[in-house]
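Enquirer: Dropping the structure in here first, questions after.
The values are calculated or read from the model by the stated rules, or taken from the named source; none is laboratory data. Bear in mind that the values here come from a model prediction, so they are computed numbers and not experimental data. Heads up, the Cβs are rebuilt from the backbone with ideal geometry, glycines too, and the neighbour counts pull from every protein chain shown. Only protein heavy atoms, including side chains, enter the accessible area calculation; ligands, DNA and RNA are left aside. Shrake-Rupley method; radii C 1.70, N 1.55, O 1.52, S 1.80 Å.
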Amino acid sequence: MKTRILFVDDEPNVLSALRRMFHDMRGEWEMDFASDGPSGLAMIAEQPYDVVVADMRMPGMDGAMFLREAQVHNPGAIRIVLSGHSDRDMILQTVRPAHQFLQKPCQPAELKAVIARGLSLREVFLDDRVKNVVARLDRLPTVPRLYAALLDVLSKEDPSMREVSGLIAQDVGMSAGVLKLVNSAFFGLRVHVSSPAHAVNLLGLEVVKALVLGIGLFDRFDKEAFRDFDLEKLWSHCLGTARFARAIAETEAAQAATREHCYIAGLLHDVGKLVMATNFPERYQEVIRACQAGEGTILDMEHHIFGASHAEVGAYLLGLWGVEDEVVRAVYLHHEPGRDRRAGFSPLAAVHVANRLEHEMVILSPGYAINPLDELYLMASGLDARMPEWRAACQAVLDQPGRDED
Ligand SMILES: [Fe+2]
Ligand SMILES: [Fe+2]
């Protein structure tokens, strides 16, 4: 069956450009075009779509209003916003009904990729339980400004590394945070990293980008508002999980991109906890108390009290912020990998195991019920025999805090 896509834009030449751009996709896509929100909604009423792409600024019903209506009448569609450059902040902050956003003018390949990404993360984006939690967030966390700026530069065809390092260096607070972190024992680098350019060179751009996102999110957390939640411990657990996940990927001789995805997914796997604890401090406190009282694991209690887990909420937001699909998937299922049907090694497998081993080998909060390893999943993926080697690799990370980065 073809993928049904609706484009809504008030500028006739944008619509005809889209028509021309995607002429060659007619074999796979069934496309409709509407020149304003109300006629888009009328088309939705006739037959729902898989993907809805809307312009942000339109007279009368603007993109946000249109998408909000589309969310109600066509809940199964992936919603994408097309916007001008200056709208980005506004979109990140206010347009909850959008799953993805794209800047105008965009290249056909970019829009195709965003549509494909939305469809592949459908499961994450269209989970009602998760959406209900996200919809209730008072403060939808926005991505750090620098992260958004990095995405902008990187979306160019040939981004220059100098430009990227320059951007990071301009944000004095953030670059100090990145340098402090990469020079700390957590990273176990033998060399001293002296500048953002050096960090990008040594660690790779994707990893530095993830650090900017991680540091930005953790920094924004209001420690005063939530005293029972130990931010330092969570950050240290995330960094530890990232290193373990990468060490596991190395034993699999995984490609550089997969190793990076493992590291990034490890680093960001629990951001959902931050978001939930910040937005619902009292209810999250209940989750933690119930865990400490031995009533169940974090995941059980989150499901019980919120109806969705930190893994799902975190993945939803990371998906919205343009983090790679593989990373989003690994975060989404890190406590329930059995929901993934693919066999063989993946960042999901690495993060699931790394998270568990980090809790087991580095005990930060005694008495905290640890989520079990999903043995059935490991067997079904043909990975169970790898456990002893993975465990040894993680132990080696703990034993040798100083080692050269590859
Ligand atoms: Fe988790
Ligand atoms: Fe975790």
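Enquirer: Would you mind computing, in nm to one decimal, how far apart the modelled labels at His304 and Arg220 are, each placed 7 Å from Cα along Cα→Cβ?
Expert: It works out to 3.1 nm between the two label points.
Enquirer: Follow-up. For the stretch 148-188 and the stretch 1-41, what is the separation of their Cα centres, given in Å?
Expert: If you average the Cα positions of each part, the centres end up 37 Å apart.
Enquirer: Would you mind getting the accessible area per residue of the stretch 284-337, heavy atoms of the protein chains only, 1.4 Å probe, in Å²?
Expert: 27
Enquirer: Run the paramagnetic zone check for Glu110: 7 angstrom along Cα to Cβ, then residues of the stretch 206-221 with backbone nitrogen under 16 Å.
Expert: Counting only backbone N, you get no residues.
Enquirer: Averaging sequence separations of C-alpha pairs under 8 Å and six or more residues apart, then dividing by the length of the stretch 3-120, give the relative contact order as a whole percent.
Expert: Once divided by the residue count of the stretch 3-120, the mean separation gives 23 percent.
Enquirer: Please list the equivalent ellipsoid semi-axes of the stretch 3-120, computed as the square roots of five times the alpha-carbon gyration tensor eigenvalues, in descending order and whole angstrom.
Expert: Taking √(5λ) for each Cα gyration eigenvalue gives 18, 17, 14 Å.
Enquirer: With everything on Cα atoms, drop me the angle between helix 387-399 and the longest principal axis of the chain, reported from 0 to 90° to the nearest 10.
Expert: Approximately 70 degrees, to the nearest 10.
Enquirer: Further question on the same structure: Equivalent ellipsoid semi-axes for the chain, as square roots of 5 times the alpha carbon gyration tensor eigenvalues: give them largest first, rounded to whole Å.
Expert: 36, 24, 21
Enquirer: Just to be sure I understand the model, the point goes 7 Å from the Cα along the line to the Cβ. What's the resulting Gln285 to Gln255 distance in nm?
Expert: 4.9
Enquirer: Per residue of the chain, what 222 nm ellipticity follows from adding -39500 (n - 2.57) for every DSSP H run with n ≥ 4, rounded to the nearest 500?
Expert: Computed ellipticity for the chain at 222 nm equals -17500 deg cm²/dmol.
Enquirer: Still on this structure: Just read off the accessible area of Arg391 with the full protein assembly in place, 1.4 Å probe, to the nearest 10 Å².
Expert: That residue has around 90 Å² of solvent-accessible surface.
Enquirer: As I understand it, the dipole of the chain uses +1 on the Cβ of Lys and Arg and -1 on the Cβ of Asp and Glu, about the Cα centre. Which of Gly240, Ala169, Pro388 lies farthest toward its positive end?
Expert: Of the options given, the answer is Ala169.
Enquirer: Continuing with the same structure: Of the cross-linked pairs Lys209/Lys273; Lys131/Lys273; Lys112/Lys156; Lys2/Lys131; Lys2/Lys112; Lys156/Lys180, which ones have a Cα-Cα span greater than 18 Å in the structure shown?
Expert: Checking Cα-Cα distances, Lys209/Lys273; Lys2/Lys131; Lys156/Lys180 exceed 18 Å.
Enquirer: Show me, for the stretch 339-354, the HN-Hα J-couplings you get by feeding each phi into the Karplus relation (A = 6.51, B = -1.76, C = 1.60, θ = phi - 60°), rounded to Hz, glycine and proline as x.
Expert: 6, 8, 8, 7, 8, x, 6, 8, x, 4, 4, 4, 6, 4, 6, 4
Enquirer: Note down the relative contact order for the stretch 145-399 as a percent, whole number, built from C-alpha pairs under 8 angstrom at least six residues apart.
Expert: Computed value for the stretch 145-399: 18 percent relative contact order.
Enquirer: Between Ala293 and Leu376, what length comes free when the chain is fully extended (0.36 nm per residue of separation minus the Cα-Cα distance, one decimal in nm)?
Expert: Stretched out fully, the Ala293 to Leu376 stretch lengthens by 27.1 nm.
Enquirer: Oh, and also: Which of the peptides 61-69, 198-206 is most tightly packed, and how do the rest follow, judged by the mean count of other Cβ atoms within 10 Å per residue?
Expert: Going from most to least packed, we get 61-69, 198-206.
Enquirer: Dipole size in debye (nearest 20) for the chain around its Cα centre, Lys and Arg Cβ +1, Asp and Glu Cβ -1?
Expert: 220
Enquirer: Now for a separate question. Roughly how many debye, to the nearest 20, is the charge dipole of the stretch 3-120 about its Cα centre, given +1 on each Lys and Arg Cβ, -1 on each Asp and Glu Cβ, and no other charges?
Expert: The dipole of the stretch 3-120 has a size of about 300 debye.
Enquirer: Send over a whole-number figure in Å² for the accessible area per residue of the stretch 3-120, probe 1.4 Å.
Expert: 45
Enquirer: Continuing with the same structure: Which percent of the accessible heavy-atom area of the chain goes to carbon and sulfur, probe 1.4 angstrom?
Expert: About 53 percent, which is the carbon plus sulfur part of the accessible surface.
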